[in-house]
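Step one of this worksheet: look at the structure below.
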């Protein structure tokens, strides 16, 4: 019993010390998505959906929940954001080629239509990110139109 108690104390101490360390936060600003907004011109309802369901993981600005202050949760969240930005980053839209923009819009409407995005792990703690079918349809319709516009531009070249 004595060894179990010592192991427990060591684990608690490690956990407490770990709270002083954390990953770098994704704390840019939403001005970085202005190029994307200006170029793709989402309707107001879609723009709001993007703000509440996408930007935390797919832009340079994350609104962190209270539990982000707890290690190791903060490392898990940082990894989610890093991975999300790797796949699609609204903040770096201007650096994407026309072909990549067309492809990203294709991915966006497919992921949303198939209910793969937003992730379940995100919607569990962000109730406003649970999209209704009408919201899904609005995002998909808009994204398909934007993708078609990019495709047309590519074909014109």
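The values are calculated or read from the model by the stated rules, or taken from the named source; none is laboratory data. Remember, it's a predicted structure, so these values are computed and weren't measured experimentally. Cβ: placed from backbone, ideal geometry, glycine included. Neighbour counts: every protein chain shown.
Among the residues making up the range 2-36, those that are touching a helix residue (DSSP H, G or I) at 6+ places or on another chain (Cβ under 6 Å) and part of a helix (DSSP H, G or I) are 32, 33, 35, 36. Against the numbered list (1) part of a loop (DSSP other than H, G, I, E, B); (2) exposed (fewer than 12 other Cβ atoms within 10 Å of the Cβ), residue 128 comes up short only at (1). Against the conditions (1) free of Cβ contacts under 8 Å to residues at least 12 places away in the same chain; (2) more than 12 Å from the chain's Cα centre (by Cα); (3) surrounded by 13 or more Cβ atoms within 10 Å (Cβ to Cβ), residue 107 satisfies every one except (1). Scanning the range 77-100 for residues that are farther than 30 Å from residue 20 by Cβ and not in a loop (DSSP other than H, G, I, E, B) yields 87, 90, 92, 93, 94, 95, 98, 99, 100. Among the residues of the range 113-121, is any buried (at least 17 other Cβ atoms within 10 Å of the Cβ), part of a helix (DSSP H, G or I), touching a residue at least 12 places away in the same chain (Cβ under 8 Å) and touching a helix residue (DSSP H, G or I) at 6+ places or on another chain (Cβ under 7 Å)? Looking for residues that are buried (at least 17 other Cβ atoms within 10 Å of the Cβ), part of a helix (DSSP H, G or I), touching a residue at least 12 places away in the same chain (Cβ under 8 Å) and touching a helix residue (DSSP H, G or I) at 6+ places or on another chain (Cβ under 7 Å), one finds none in the range 113-121, hence no. Considering the range 54-76, and only residues there that are part of a loop (DSSP other than H, G, I, E, B) and out of contact with any strand residue (DSSP E or B) (no Cβ under 9 Å at 6 or more places or on another chain), the residue that is surrounded by the most Cβ atoms within 10 Å (Cβ to Cβ) turns out to be 59.
The condition (being within 16 Å of residue 118 (Cβ to Cβ), out of contact with any strand residue (DSSP E or B) (no Cβ under 8 Å at 6 or more places or on another chain) and part of a helix (DSSP H, G or I)) is satisfied by just one residue among 39, 51: 51.
Here 34, 51, 102 are screened, and the one residue that is free of Cβ contacts under 8 Å to residues at least 24 places away in the same chain, more than 26 Å from residue 125 (Cα to Cα) and surrounded by 13 or more Cβ atoms within 10 Å (Cβ to Cβ) is 34.
The residue pairs whose first member lies in the range 136-157 and is closer than 16 Å to residue 54 by Cβ, whose second member is outside any helix (DSSP H, G or I) and modelled with pLDDT of 95 or more, and whose beta carbons are closer than 7 Å, counting only pairs six or more residues apart or on different chains, are 142/42; 142/43.
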